[in-house]
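FYI, it's all coordinate maths here, none of it is from the lab. Everything numeric in this text was worked out from a predicted model, so none of it was measured. All Cβ positions, glycine included, derive from the backbone under ideal geometry; neighbour counts span all protein chains shown.
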């Protein structure tokens, strides 16, 4: 996996996956789902949407777990929110939510499956969150926007690599439009924790990136 010490991350996340499911830790279906997720997050066209991203999201969750109304479902949704990722399609979140329903159908009750589905859909970032948990997962997914400038630039470079088959002028215009929408929000982040932690850096990073994208190579 790109620049992330893949074996180390896989080892660490495997332990966390089993810990999450402690009540069913001996269920062989858990290993099957985990192995499939590792394979998916290791697909060769992925450079940002990998296990490294999931690991970072889980780390961010640890700082706000006490704010979650349904911490188990929030963590599970983070695990699966990018299970399907293809830059050529526009329904990755919907496909990931469908994958979650199919992969977890024998492990969760219907109400829990629906909650996980709605939390995954919140990572589309296309409409305001309907619940506090949706606000948390959306903010966690966008935490990278507020990272230090060098780390943020690595993220942007990885996104560009994922879209390498898109003509550069189209990519730059589309990417600038996406980032400008976040800048146009009254707040980029929905929760006080993430606003305080990342809002200022995120606005600086996004402003710089939009300017660079619009000015050309």
#### Entry: Two-site FRET efficiency, residue 168 against residue 211, from Cβ-Cβ distance with R₀ of 22 Å, rounded to 0.05
0.85
### Message
Report the rotationally averaged projected area of region 6-141 based on its alpha-carbon convex hull, in square nanometres.
### Response
7.9 nm²
### Task
May I ask you to compute the full-extension gain from residue 199 to residue 186, defined as 0.36 nm times their residue separation minus their alpha-carbon distance, rounded to one decimal in nm?
3.6 nm
### Query
Using a basic spin-label model with each label point 7 Å from the Cα along Cα→Cβ, how many nm lie between residue 127 and residue 178?
2.1 nm
### Task
Only helical DSSP H runs with n ≥ 4 go in: add -39500 (n - 2.57) per run for the chain, normalise by residue count and round the 222 nm mean residue ellipticity to 500 deg cm²/dmol.
-19500 deg cm²/dmol
### Task
Send over the semi-axes of region 146-215's equivalent ellipsoid, whole angstrom and largest first, taken as the square roots of 5 times the C-alpha gyration tensor eigenvalues.
23, 13, 10
### Task
Give me the distance in nm between label points sitting 7 Å out from Cα along the Cα-to-Cβ direction at residue 36 and residue 68, one decimal.
2.1 nm
### Message
I'd like the FRET efficiency for residue 14 and residue 111, computed as 1/(1 + (r/R0)^6) with the beta carbon distance as r and R0 of 30 Å, rounded to 0.05.
### Response
0.65
### Cβ-based exposure ranking for 164, 57, in which fewest neighbours within 10 Å come first
164, 57
### Message
For 79, 17, which order do you get if you count the other beta carbons within 10 Å of each Cβ and list the fewest first?
### Response
17, 79
## Note on the structure
By Cβ neighbour count within 10 Å, fewest first, 37, 18 rank 18, 37
### Summary
Hull surface over four for the Cα convex hull of region 95-217, reported in nm², is 8.7 nm²
